């Protein structure tokens with residue numbers, strides 16, 4: 001884990017945690033909806049998936065805004081244009097890790 005020394009670092013770290021959790025949930029909900037034996041539960045999973053996709057989209061917008069605000073300062077310091085990209089790391093085989101699933105409430 002990167003060292004968190006400022007409130008901005010903490011904010012970014014928490015955003016990354018939320019993004020990871022929402023992406024993991026968005027990937028899991030369709031399977032849960034399909035495997036649910038109760039029709040109402042299946043509909044609830046499907047509705048929750050739609051909300052989760054909105055959360056992912058909103059977090060991606062925040063990451064983009066953070067990058068756009070940071071860019072002028074970084075370009076000034078470096079003396080040339082830069083292009084920021086968002087890279088998300090997802091832990092391999094997270095769906096098989098009981099600790100991660102428990103942390104996500106699955």
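Every number here is computed from the coordinates shown, using simple stated rules; none is lab data. Keep in mind it's a predicted model, so treat the numbers as computed, not measured. As a convention, Cβ positions derive from the backbone with ideal geometry for all residues, glycine included, and neighbour counts pool all protein chains shown.
Ranked by the mean number of other Cβ atoms within 10 Å of their residues, highest first, the peptides 19-30, 47-58 fall in the order 19-30, 47-58.
If I take every Cα pair under 8 Å that is 6 or more residues apart in the stretch 7-104, average their sequence separation and divide by the length, what percent do I get for the relative contact order? Normalised by residue count, the contact order of the stretch 7-104 is 23 percent. Provide the three semi-axes, in whole Å and in decreasing order, of the ellipsoid equivalent to the chain as defined by the square roots of 5 times the Cα gyration tensor eigenvalues. Working through the eigenvalues yields semi-axes of 34, 16, 11 Å.
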